[in-house]
Amino acid sequence: MQAQVPNSPYVGLWTRLDGFKPDQLADLITERRAVRLGIMRNTIHLVTARDCINLRPLFSPVLGRGLQASPFGRNLVGVEMQPLIRHATKLMKEKPRTLTELGALLHERWPDRDPISLAYAIRHLIAIVQVPPRGVWGKSAQATWMPAESWLGQPLARKPSIDTLILRYLAAFGPASVADMSTWSGLTALRSVVERLRPQLRTFRDERGRELFDVPDGPLPDPRTPAPPRFLPEYDNLLIGHQDRTRVIDHAYRYVIFIGTLLVDGFVQGTWMIKRERDAATLTIEPLRRLTTTERKAVVEEGEQLLDFAAADAVRHDVRITPVATSPPQAPQLRRE
């Protein structure tokens, strides 16, 4: 699950699972059965320990190329990476380090190089995870990092399965095109993988004639099936899991994926934010179009449940729906982890 914002996976699971409680995920993280690390598209995701071990190696070549093309990589031309990796690994095995701390320590060994570039080279080149209390519900902490193999007590898979990754993607997001798979994962040259898997897959054609693939038992609900309102967290993969995002969001509002979004009948129709003041919590919803009376009632009811989950300790809850925005939001400045 997308986890650039530490609490996003909690909201993402709550909106998908009946009866989900924050402690269920918090316990997985503290017990080292789930981890947060850079993986797909080099962004922070929450994955199970097993998926970290088995899937993270698939992304190493992509992350390595990403480093070379980045300002960090250009700042490190001429640096031998293996000694850098060995020293950084030793430092993080001693104790978890922030990237700022790691960069400063590496700078002592490579004083002619930019500290931040040294740290982000490690962020790209080896699998490192953010350790608790970062990512634990109700707690706040700086992002500190440790090698995944040390934290989980086992080595990464030597022969990771790209087939497994693609089948997992289709089970969650199919029917989908090869371009969709690439957009979601950040991996390229997936056509040969899909062709190898073709005998195991169902195929379709969309309205534009593009070939789509799906797992054999993937559900295909009737298009007229009503979809109740749902609150999605920031960067949710539902919104960025396909090359063509207009299946769930109007192109004019593509930037709202960087904040909480509201689905009405399966389509992004608003944004949301919770503000805390002493013993009160207010959920403010900014619709992108005028909601019907029935839709407003359903949205408020779902919003009240969201507050019960995300602000359970607040004495007073309030759900507010603002007037329709007059112009699309602009892209925000993204903070790198």
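The values are calculated or read from the model by the stated rules, or taken from the named source; none is laboratory data. Worth saying up front: this structure is predicted, and the values here are computed from it rather than measured. When we count neighbours, we look across all protein chains shown, and the Cβ atoms used for this are built from the backbone with ideal geometry, even at glycine. The accessibility values were calculated without ligands, DNA or RNA, using every heavy atom of the protein model including side chains. Shrake-Rupley method; radii C 1.70, N 1.55, O 1.52, S 1.80 Å.
Can you give me the orientation-averaged projected area of the convex hull built on the Cα atoms of the chain, in nm²?
Working: hull surface 77.4 nm².
Value for the chain: 19.4 nm².
Place a +1 charge on the Cβ of each Lys and Arg in the chain and a -1 charge on the Cβ of each Asp and Glu, then give the dipole magnitude about the Cα centre in debye, rounded to the nearest 20. All intermediate terms of the calculation are to be shown ahead of the outcome.
Values: 46 positive and 37 negative charges, 180 e Å.
With only Lys, Arg, Asp and Glu charged at Cβ, the dipole is about 860 debye.
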May I ask you to list the GluC sites (Glu not before Pro) in region 206-301 that are in a DSSP loop and have at most 16 other Cβ atoms within 10 Å of their Cβ?
207
Under a Gaussian network model of the chain whose springs join Cα atoms within less than 10 Å, the largest fluctuation of 41, 113, 56 belongs to 113
Towards the positive end of the charge dipole of the chain, with charges on Cβ (+1 Lys, Arg; -1 Asp, Glu), say which of 116, 170, 140 has the farthest Cα.
116
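About the Cα centre of region 1-140, what is the dipole size in debye to 20, counting +1 per Lys and Arg Cβ and -1 per Asp and Glu Cβ, all else neutral?
That gives region 1-140 a dipole magnitude of about 160 debye.
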Quick one: accessible area per residue over region 171-262, 1.4 Å probe, rounded to a whole number of Å²?
52
GNM on the chain, C-alpha springs below 10 Å: top fluctuator among 75, 42, 54?
75
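Counting only protein heavy atoms and a 1.4 Å probe, tell me what percentage of region 1-77's accessible area is made up of carbon and sulfur.
Working: 1820 of 3400 Å².
With neighbouring chains kept in place, the figure for region 1-77 is 54 percent.
So what is the accessible area of region 46-147 per residue, in Å², with the probe set to 1.4 Å?
Values: 4770 Å² over 102 residues.
For region 46-147, the solvent-accessible area averages 47 Å² per residue.
So, with +1 on the Cβ of K and R and -1 on the Cβ of D and E, and no other charges, what is the size of the charge dipole of region 71-164 about its Cα centre, to the nearest 20 debye? Don't skip to the answer; put the middle values down first.
Values: 13 positive and 8 negative charges, 41 e Å.
Approximately 200 debye in magnitude.
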Would you mind telling me the share, in percent, of accessible area of region 219-324 contributed by carbon and sulfur at probe 1.4 angstrom?
51
With DSSP loop assignment and no more than 10 other C-beta atoms within 10 Å, the trypsin sites (Lys or Arg not before Pro) in region 58-101 are none
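Given that compact globular proteins tend to follow 2.2 N^0.38 Å, what is the ratio of the alpha-carbon Rg of region 1-80 to that value?
Details: Rg = 15.8 Å, N = 80, 2.2 N^0.38 = 11.6 Å.
Compactness ratio reported: 1.36.
From Cα pairs below 8 angstrom and at least 6 apart in sequence, can you work out the relative contact order of the chain, rounded to a whole percent? Please list the in-between numbers first.
Numbers: 521 pairs, mean separation 50.1, N = 337.
It rounds to 15 percent for the chain.
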Once neighbouring chains are kept in place and the probe is 1.4 Å, which whole percent of the accessible area of region 163-206 is contributed by carbon and sulfur?
55
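Relative to 2.2 N^0.38 Å, what does the C-alpha radius of gyration of region 93-164 come to as a ratio? Two decimals please.
Details: Rg = 14.4 Å, N = 72, 2.2 N^0.38 = 11.2 Å.
In units of the 2.2 N^0.38 Å rule of thumb, it is 1.29.
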Bins of 5 Å, starting at 0 and running to the largest distance - Cα pair percent for region 1-145
2, 10, 18, 20, 19, 14, 9, 5, 2, 1, 0
Compare the Cα positions of 72, 150, 181 along the charge dipole of the chain (+1 at Cβ of Lys, Arg; -1 at Cβ of Asp, Glu; about the Cα centre) and return the one farthest towards the positive end.
72
